[in-house]
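This report concerns only the one structure given below.
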Amino acid sequence: MSQEWMSDNEELENEQLELDIEDLNQLTKLGNEAVKLGLISGHGHHRGKYEILIKRESLLMTETKAKEYLENLLSKKFN
């Protein structure tokens, strides 16, 4: 479907999807950086939440909280 034929709702949905993909890409990059630095042992989606593995612990949280957590963890590493 071309852009000119989309309804306002379809345009908003597409815009939200693009934002969600960008947020997910950023979350993945943060997680991968934390793994490379040895701050966490793994990360990814698990049972509808975002999982961060630290040593023998599994932290489950929303994507937003996971992004905040990883940003905070990485900022501590560099400060």
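Annotation note: of E71, E15, E22, the sole residue that is at pLDDT 95 or above and charged (D, E, K, R) is E71.
The residue of region 50-66 that is least open to solvent (accessible area, probe 1.4 Å), among those that are within 13 Å of the chain's Cα centre (by Cα) and acidic (D, E), is E51.
For region 50-63, give me each residue that is without any contact (Cβ under 8 Å) to a residue 40 or more places away in the chain and either basic (K, R) or not in a strand (DSSP E or B) (or both). Correct list: K55, R56, T62. Would you confirm whether any residue within region 29-49 is assigned to a loop (DSSP other than H, G, I, E, B), exposed (fewer than 10 other Cβ atoms within 10 Å of the Cβ) and at pLDDT 90 or above? There is at least one residue in region 29-49 that is assigned to a loop (DSSP other than H, G, I, E, B), exposed (fewer than 10 other Cβ atoms within 10 Å of the Cβ) and at pLDDT 90 or above.
The values are calculated or read from the model by the stated rules, or taken from the named source; none is laboratory data. As the structure is a prediction and not an experimental result, all values here were calculated from the model. A quick note on method: Cβ atoms are made from the backbone with ideal geometry, for glycine too, and the neighbour counts reach across all protein chains shown. For the accessible areas, the whole protein counts, side chains as well, though only heavy atoms, and no ligand, DNA or RNA atoms are used. Shrake-Rupley method; radii C 1.70, N 1.55, O 1.52, S 1.80 Å.
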